[in-house]
Protein chains: 2
Amino acid sequence: MHTKSRTNDRPVAIDRRVARTRALLKQALVELIPERGFAAITVEEICARANVGRSTFYTHYEDKEALRQATMEDHLQKIGRARGSQHEGDQAFAFSLPMFEHALEFGPLHRALIADRRDAIHDQLRDKVRKAVRCELAGRTPDGIPDQIAVEFLTGAFLALLGWWVESGYPLQPVELDDHFQKLATAGLPLTGSEQATSQAHA
Amino acid sequence: MHTKSRTNDRPVAIDRRVARTRALLKQALVELIPERGFAAITVEEICARANVGRSTFYTHYEDKEALRQATMEDHLQKIGRARGSQHEGDQAFAFSLPMFEHALEFGPLHRALIADRRDAIHDQLRDKVRKAVRCELAGRTPDGIPDQIAVEFLTGAFLALLGWWVESGYPLQPVELDDHFQKLATAGLPLTGSEQATSQAHA
DNA sequence: TCTGATTCCAGACATACTGTCCAGTATCAT
DNA sequence: ATGATACTGGACAGTATGTCTGGAATCAGA
């Protein structure tokens, strides 16, 4: 599948029909998800939207799931390639801003494929983020906190922020959001209020 | 449905048969989820496991989803009631430890109904946690960070930690995990390594 | 213990989606 | 131009859904 190499050097371009069909199916899926939610979509619907025969669908993808995987893959690759831009302020975590920026740029697509926490899609992205976090943390976790815990903590926090931001229509600039994320991640919530905790009363 | 009140004061106990049927269905669901995953389970399967006629199922619940909702509701109520135990150390956030402890106590149940991020279940719990966090934060967010952002950040971080802990078989004591959470939440990750950030090279 | 009300059940039904297969047609690369 | 490949619509069996029966079992209350 994928690309086929003829001899051994450059991969030969995919048959135009194949490319066309797959692109149409992916696009149809992306259009449909925000309208009806992934779970409710049927293969027939996707094909109708894409103007592709249902039997054709199954020659390319095993499943509705497989199509989503492929589409998601495309999408994540795009994020990876976008890493080049690199603003690189004086932040502690480099992965977050590019991600936020991508989420803004590919708004509807992102909302459809990634921000939909109600579907299984998120996991793939979560893994990607987890890796980025683990890489950037690289043994610099403070005190007695296990690396894994810090990684999960940050990954969850980041994805929650990202999801909220996308779902509420990008109420901040990417840089602002990233600043908040950086501050919360590195400095925490010192809880500026009068007392520091619930420890006021007893023990 | 639910409970029916005869005149106007105390609600009359539910018909034994109804109670029995619903309990059996809920229990069957909880048993089945870890075995095959919620999405793959069929109504017939649930009924078979519960020894309940399939037609009976539909007189109680509209849907597989409705059953899950109801089961989840039961479960969350249990968490709510457990709030009484209250260890209350000198931590900043009071909601976390009881939650961790409950997750440990109702291990399989919790894993089945809540920790399965791949299903839609999580959202309900997320809302609950969000509320708890927002309540405990109550305007004490530091600096220029919007409340909502702090809330999402913490909610995400907490749920990620909870999910990881449950899925990896409770490798820590609840109190330990909670300590780590508290520390990360209030003090952040000062990044103890040599340099503080990626700012070393340029600009 | 009797009785009317409620709930359970098995089974049948229409509907919908899935995944596979085919033979005919259109499009591709060369 | 031609052989290879991909697309098509339609048919197919299999499975799940949700609704509806009428009769049997179980209930609560007197």
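The values are calculated or read from the model by the stated rules, or taken from the named source; none is laboratory data. Quantities reported herein were computed from a predicted structural model and do not represent experimental measurements. Positions of Cβ are backbone-derived with ideal geometry, glycine not excepted, and every protein chain shown enters the neighbour counts. Ligands, DNA and RNA are stripped out before the accessible areas are found, and what is left, the full protein with its side chains, is counted by its heavy atoms. Shrake-Rupley method; radii C 1.70, N 1.55, O 1.52, S 1.80 Å.
Find the accessible area per residue for segment A:13-61; the probe is 1.4 Å, ligands and nucleic acids are left out, and the unit is Å².
Details: 2860 Å² over 49 residues.
Normalised by residue count, the accessible surface of segment A:13-61 is 58 Å².
Net charge near A:PHE57, counting Lys/Arg +1 and Asp/Glu -1 over other residues with Cβ under 15 Å of its Cβ?
Details: positive: A:ARG17, A:ARG20, A:ARG22, A:LYS26, A:ARG49, A:ARG54, A:LYS64, A:ARG68; negative: A:GLU44, A:GLU45, A:GLU62, A:ASP63, A:GLU65.
So the environment of A:PHE57 carries a net charge of +3.
In whole percent, and with a 1.4 Å probe on the protein chains, what portion of the accessible area of segment B:12-61 is carbon and sulfur? All intermediate terms of the calculation are to be shown ahead of the outcome.
On the way: 1470 of 2900 Å².
It is 51 percent, rounded to a whole number.
Place the label 7 angstrom along Cα→C-beta at B:GLY37 and in each other copy, then list the distances from the first to the rest in nm, shortest first.
When each copy's label point is compared with this one, the spacings are 1.8 nm.
Determine the total buried accessible area between chain B and chain A, counting protein heavy atoms only with a 1.4 Å probe; round to the nearest 100 Å². Don't skip to the end; give the middle numbers.
Values: alone 12920 and 12910 Å², together 20910 Å².
The B and A chains share an interface burying roughly 4900 Å².
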